[in-house]
């Protein structure tokens, strides 16, 4: 949208009032969200911004490289063993257990679950391992 605000903005919501005015909620290109009440005369001055908002004429090789770097950067959030799955090393199961269960810090929810299991073993004899 272009016109009253002084810069190009993206309109998020429009709420019309019985008097002919309207409250618009918009997002400037710089970020953030703002709201403004426009009179009927100001509403008539608003125009839709023409032309493409995004350009798609960039170098595809650079774009692909950037997206691949972003994918690799975020892959560890979803696959905790990403380093193993992308390497040519094939560790044995006891090595994986030693690194991911013993050496690396345990997340808070896992350590609390271990604590709950330990308390349950003390209070319920049926939960203790047989010797």
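Structure summary
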{"read-out": "Gain in span if fully extended, residue 83 to residue 8, counting 0.36 nm per residue against the direct Cα distance", "value": "22.5 nm"}
{"read-out": "Highest average packing first - 67-77, 6-16, Cβ atoms within 10 Å", "value": "6-16, 67-77"}
{"read-out": "Computed over segment 14-104, the ratio Rg/Rh where both radii use C-alpha atoms and Rh is Kirkwood", "value": "1.35"}
{"read-out": "Residue 21 paired with residue 44, simple spin-label distance in nm, labels 7 Å along Cα-to-beta-carbon", "value": "1.7"}
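Throughout, read-outs are computed from the coordinates displayed, never taken from laboratory work. Note that the structure is a prediction, hence the values are computed from the model and not measured. So basically every Cβ, Gly included, is an ideal-geometry build from the backbone, and we count neighbours across all protein chains shown.
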